[in-house]
Amino acid sequence: MGGRGPKRELAEKIAGEITLSDDPGATLRKWRTDFDVSQTDLASELDVSSSVISDYESGRRESPGIGVVRRLVEGLLAIDERRGGDRIRQYGRVLSAGFESDVVYDLREYATSIPLVTLYDELDATQIAPGNTDRISGHTVIDSIEAITRLSSEEFFRLYGQSTNRVLVFTGVTRGESPLVALRVVNPTPNAVILHGIDEDELWDHAGDLARIDGYSLAVTNADLDEMLEYLVGLE
């Protein structure tokens, strides 16, 4: 794995997490499922039986050494590359922006702008307040609690990538108060915000007011997180 590109950086991140984890098997399982690779497919890639992968993940085998971890990581990345490299590109964008992948799930720019209403329709999102624009050119998906508690105001601004003409998606939202108040201290604001994990009747009463004051479109959705990310990751 020569070079210092996204693939190498991601490989080092995965290997480091597995090696340093208190439960290496669980960490391996997390990354394998995140790459949507079955135990059988990973075992086939490494030319071992699927029971070997299962034993590592369950802790029935001794924690894998550095050499085994390297093979496991290379196997995951090789499978992803054959599938088109979506996961490598996704994490590459996040890592190159200087964020941890447990804070930022995806960050990307589109080749052309797309209608905001199209995005809302695909994500089964309900618009609470209209914004000043009807098209967006990118998106950032973040874990709301991790972002609010761990990011500085400067880092928060970097969530906008190349442009604020994007939708900022907060996941794991309960009422929406914290992320929307946090946005008030960051200028400028994104052109659209989606609060994920709640219905309209669960939303903080003043959410729409803040959105209208700052001029961004606000929407809520309770769509499945994995399905939402799969759609967004496919946008270019």
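The values are calculated or read from the model by the stated rules, or taken from the named source; none is laboratory data. Because the structure is a prediction, the values reported are computed rather than measured. So basically every Cβ, Gly included, is an ideal-geometry build from the backbone, and we count neighbours across all protein chains shown. Note: accessible area is taken over every heavy atom of the protein model, side chains too, but ligands, DNA and RNA are not part of it. Shrake-Rupley method; radii C 1.70, N 1.55, O 1.52, S 1.80 Å.
Simple spin-label estimate for E227 and T174 gives 2.6 nm between the two label positions (7 Å along the Cα-to-Cβ direction from each Cα). Taking label positions 7 Å along the Cα-Cβ direction at both F157 and T112, the computed distance is 3.3 nm, reported to one decimal.
Based on protein heavy atoms only, the stretch 1-111 ends up with 50 Å² per residue of surface accessible to a 1.4 Å probe.
The phi torsions of the stretch 139-149, fed into the Karplus equation with coefficients 6.51, -1.76 and 1.60 and a -60° offset, translate into couplings of 8, 9, 10, 10, 7, 4, 5, 4, 5, 5, 7 Hz, rounded to whole numbers, with Gly and Pro shown as x. Taking all protein chains together and a 1.4 Å probe, the residues Y105, Y110, Y216 rank Y105, Y110, Y216 from largest to smallest accessible area.
With θ taken as phi - 60° and the Karplus curve 6.51 cos²θ - 1.76 cosθ + 1.60 applied, the whole-hertz 3J(HN,Hα) list for the stretch 178-195 is 4, x, 6, 5, 4, 5, 5, 8, 10, 10, x, 9, x, 7, 8, 9, 10, 9 Hz, x standing for glycine and proline. Is the shape of the chain best called rounded, prolate or oblate, per the rule: a/c under 1.5 gives rounded, else a/b larger than b/c gives prolate, else oblate, with a ≥ b ≥ c the square roots of the Cα gyration tensor eigenvalues? It is prolate, given that a/c is not under 1.5 and a/b is the larger ratio.
Cβ-Cβ distance of D22 and T149, R₀ of 30 Å, FRET efficiency by 1/(1 + (r/R0)^6): the value works out to about 0.90. Helix content alone sets the calculated 222 nm mean residue ellipticity of the chain: runs of n ≥ 4 DSSP H residues at -39500 (n - 2.57) each, divided across all residues, give -14500 deg cm²/dmol.
Averaging Cα coordinates gives a centre for the stretch 10-65 and one for the stretch 122-200; these two points are 33 Å apart.
Computed on protein heavy atoms with a 1.4 Å probe, the accessible areas place R29, R60 in the order R60, R29, largest first. Compared with the direct C-alpha span, the chain from R8 to R60 gains 15.8 nm at full extension, assuming 0.36 nm per residue.
In this label model, D134 and H206 are separated by 3.2 nm, measuring between points 7 Å along each Cα→Cβ vector.
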